[in-house]
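Asks: Below is a structure I'd like to ask you about.
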Amino acid sequence: MNSKTSKPVVIAGAGPTGLMCAIALARQNIPVIVFEAEPALTHDLRAGSYHPPTLEMMAPYGITDRMHDTGLQVREWQIRDKRGEYIAQFDLGLLADVTPYPYRLHLEQHRLTPIQLDILRTIPGTEVHFNHRVADYTQDGDGVRVTVETNGETRVIEASWLIGADGSRSVVRKGTGIEFEGFTWPEFFVVASTPYDLGQHGFTMNAYVSDPIEWAAVFKVPDDGPPGLWRAAFYGDPQKSDAELLDPANIERAMQLLVPRDQPYEIRYKSIYRVHQRVAQTFIHGRALLAGDAAHLNNPLGGFGLNSGIHDAINLADKLGRVWHGENETLLGVYDRQRRAATVEQVQKMSIRNKQLLQERDPAVQRQHLTELMAVAADPQRARAHVLESSMLGGLRRANAVT
Ligand SMILES: Cc1cc2nc3c(=O)[nH]c(=O)nc-3n(C[C@H](O)[C@H](O)[C@H](O)COP(=O)(O)OP(=O)(O)OC[C@H]3O[C@@H](n4cnc5c(N)ncnc54)[C@H](O)[C@@H]3O)c2cc1C
């Protein structure tokens, strides 16, 4: 036990990042309280693709095993042109010597968080309060006074540290005054899910279709069980209203452009969202610490957002745990440097590059790019280097070497 304080660590947000922080801290005998603004875990359509290092990090907590009960193991993924003439296909099996999980695991985010919550609730010394919104806080050298609103009432909690895992509009980040540097893409992302099997048209369970306007990112998620759902993300014209973008005719048109067929598509879910590329100038502000979407945002091409949040949580829990148990607080600076390096040098660069390449406007450049990728995919050594980076393993190794 920390000699100076037994005040708990308060975590704002019971998303995947906040719950992961809570589990990893609680397993080190640190008391944690999670406050979640919503009345229950959120259930909307979000991320759902887990890279090998993320599966490795969650394994010691029993999360990864449980994800495999329903998750889909996706060994191969593609980048293709619209007509399927150019297809670069990558095999994560090439990483079998460096990871026990040489594949991406697909599982909806809203199926991960109940597993995390379930595990958290088995650990003594933890509390999770739904319908409790972190509204404000003040801090001094000894701790943080966190103001929480619930049912129109206000409570003040004395915490040793406050972790802001409260998503893109983070109250904790705003309270620090830390700048959220970056930009917002002009267009919307439109997401639609269908049970129609795109696999019969040659799509791997994760595929990216390159086109200046009609680009698409496809990935299959398990849903409630077989046959699963194929989810596609498309360009959404920023001049159009939400209603126009979500109009069944617009969704049908986009699906038919992806794979033309005689019959209309059955659409189970659809949504739109705005995409940002932003990184907080620092992830630590005294005793207020940022993780996950509260600290950084990126477009979903490559599936890095949620994965990065888990990587933050594991790294932060390691450093904060050591500080709690007596090491110097400057150790938290290492969290900031390592995770900002991973975010700025890899996630931001790769996700922006993925989007730009997918939307390449010059057909000759697009062909050249796809031809080059096909050559990379056909050469085991170059393909291995490519999947090492795109699976986040390479970037993490470099970032974790930062001191
Ligand atoms: C609409 C949408 C679609 C997405 N689609 C994809 C995708 O297809 N692929 C991909 O890789 N990534 C996607 N992402 C990103 C991915 O879902 C996030 O990276 C991931 O959710 C980050 O987890 P997090 O726990 O950091 O934040 P969140 O999941 O946002 O969790 C934050 C939690 O904090 C709670 N909260 C907020 N404010 C407070 C407060 N003041 N007090 C207490 N609780 C609070 C929220 O209710 C929420 O439960 C999407 C994100 C969104 C918003």
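The values are calculated or read from the model by the stated rules, or taken from the named source; none is laboratory data. The structure presented is a predicted model; accordingly, all values stated were derived computationally and were not measured. Note that each Cβ is placed from the backbone with ideal geometry, even for glycine, and that neighbours are counted across all protein chains shown. Accessible surface areas use protein heavy atoms only, side chains included; no ligands, DNA or RNA. Shrake-Rupley method; radii C 1.70, N 1.55, O 1.52, S 1.80 Å.
Asks: Of all residues in region 178-196, which are within 16 Å of the ligand (Cβ to nearest atom) and under 30 Å from R278 (Cβ atoms)?
Replies: I178, F180, G182, T184, W185, E187, F188, F189, V190, V191, A192, S193
Asks: Same structure again: Hey, among the residues in region 81-102 that are assigned to a loop (DSSP other than H, G, I, E, B) and within 26 Å of D211 (Cα to Cα), which one's least open to solvent (accessible area, probe 1.4 Å)?
Replies: By that ranking, first place goes to G84.
Asks: I've got another one for you. Give me the pairs, please: first residue somewhere in region 254-277 and outside any loop (DSSP other than H, G, I, E, B), second residue anywhere and within 16 Å of the ligand (Cβ to nearest atom) and open to solvent by 80 Å² or more (accessible area, probe 1.4 Å), beta-carbon distance under 8 Å, and either six or more positions apart or on two chains.
Replies: Note: pairs meeting the criteria are I272/D242.
Asks: Run D293 past the list (1) assigned to a helix (DSSP H, G or I); (2) within 16 Å of the ligand (Cβ to nearest atom); (3) open to solvent by less than 50 Å² (accessible area, probe 1.4 Å) and report the number of the one that doesn't hold.
Replies: Unmet for D293, out of (1) assigned to a helix (DSSP H, G or I); (2) within 16 Å of the ligand (Cβ to nearest atom); (3) open to solvent by less than 50 Å² (accessible area, probe 1.4 Å): (3).
Asks: Is it true that L117 is open to solvent by 20 Å² or more (accessible area, probe 1.4 Å), touching a residue at least 12 places away in the same chain (Cβ under 8 Å) and in a helix (DSSP H, G or I)?
Replies: When the stated conditions are applied, L117 does not pass them.
Asks: Name the residues in region 97-114 that are of a type in the set (A, V, I, L, M, F, W, C) and closer than 12 Å to A14 by Cα, would you?
Replies: Hit for region 97-114 is L112, nothing else.
Asks: From the list R353, R361, exactly one residue is within 16 Å of the ligand (Cβ to nearest atom), more than 30 Å from A12 (Cβ to Cβ), open to solvent by 60 Å² or more (accessible area, probe 1.4 Å) and out of contact with any strand residue (DSSP E or B) (no Cβ under 7 Å at 6 or more places or on another chain). Which is it?
Replies: Being within 16 Å of the ligand (Cβ to nearest atom), more than 30 Å from A12 (Cβ to Cβ), open to solvent by 60 Å² or more (accessible area, probe 1.4 Å) and out of contact with any strand residue (DSSP E or B) (no Cβ under 7 Å at 6 or more places or on another chain) holds for just one of R353, R361, which is R353.
Asks: Which of the residues belonging to region 60-78 are part of a helix (DSSP H, G or I), away from the ligand (no atom under 15 Å from the Cβ) and open to solvent by less than 40 Å² (accessible area, probe 1.4 Å)?
Replies: Those that are part of a helix (DSSP H, G or I), away from the ligand (no atom under 15 Å from the Cβ) and open to solvent by less than 40 Å² (accessible area, probe 1.4 Å): T64, M67.
Asks: Condition test on V148, is it more than 19 Å from A313 (Cβ to Cβ), open to solvent by less than 50 Å² (accessible area, probe 1.4 Å), under 27 Å from the mean Cα position of the chain (by Cα) and near the ligand (Cβ under 10 Å from one of its atoms)?
Replies: yes
Asks: May I ask you to list the residues in region 381-403 that are more than 15 Å from P102 (Cα to Cα) and either among the aromatic types (F, W, Y) or open to solvent by 30 Å² or more (accessible area, probe 1.4 Å) (or both)?
Replies: Q381, R382, R397, R398, N400, A401, V402, T403
Asks: Quick check on this structure: which one of G326, G333, G321 is more than 12 Å from the ligand (Cβ to nearest atom) and open to solvent by 20 Å² or more (accessible area, probe 1.4 Å)?
Replies: Only one candidate passes the filter, namely G326.
Asks: What number goes with the only condition from (1) within 22 Å of L112 (Cα to Cα); (2) more than 9 Å from the ligand (Cβ to nearest atom); (3) among the charged types (D, E, K, R) that R46 does not pass?
Replies: (2)
Asks: Going through region 1-55 one residue at a time, which ones are open to solvent by 10 Å² or more (accessible area, probe 1.4 Å), touching a Leu at 6+ places or on another chain (Cβ under 9 Å) and not in a loop (DSSP other than H, G, I, E, B)?
Replies: P16, T17, S49
Asks: Could you run through region 1-43 and say how many residues are within 8 Å of the ligand (Cβ to nearest atom) and hydroxyl-bearing (S, T, Y)?
Replies: 2
Asks: Now for a separate question. One residue is enough: does region 160-176 have a residue meeting the conditions farther than 24 Å from R287 by Cβ and either without any contact (Cβ under 8 Å) to a residue 12 or more places away in the chain or more than 14 Å from the ligand (Cβ to nearest atom) (or both)?
Replies: no
Asks: Exactly one condition in (1) crowded, with 21+ Cβ neighbours inside 10 Å; (2) out of contact with any Ser or Thr (no Cβ under 8 Å at 6 or more places or on another chain); (3) of a type outside the set (S, T, N, Q); (4) more than 21 Å from R353 (Cβ to Cβ) is not met by P260; state its number.
Replies: Single failed check for P260: (1).
Asks: Test G199 against the criterion of being surrounded by fewer than 19 Cβ atoms within 10 Å (Cβ to Cβ), small (G, A, S), in a strand (DSSP E or B) and more than 13 Å from the ligand (Cβ to nearest atom), and give yes or no.
Replies: For G199, the condition - surrounded by fewer than 19 Cβ atoms within 10 Å (Cβ to Cβ), small (G, A, S), in a strand (DSSP E or B) and more than 13 Å from the ligand (Cβ to nearest atom) - is not met.
Asks: May I pose another question? Does region 45-81 hold any residues that are more than 15 Å from D223 (Cβ to Cβ) and of a type in the set (D, E, K, R), and which are they?
Replies: E56, D65, R66, R75, E76, R80, D81
Asks: Within the bounds of region 240-250, is there any residue that is modelled with pLDDT of 95 or more and open to solvent by less than 10 Å² (accessible area, probe 1.4 Å)?
Replies: yes
Asks: Could you tell me which of the residues N307, N298 is within 13 Å of the ligand (Cβ to nearest atom), assigned by TED's automatic domain parsing to the domain that holds G177, open to solvent by less than 30 Å² (accessible area, probe 1.4 Å) and in contact with a Pro (Cβ under 9 Å, 6 or more places away or on another chain)?
Replies: N307
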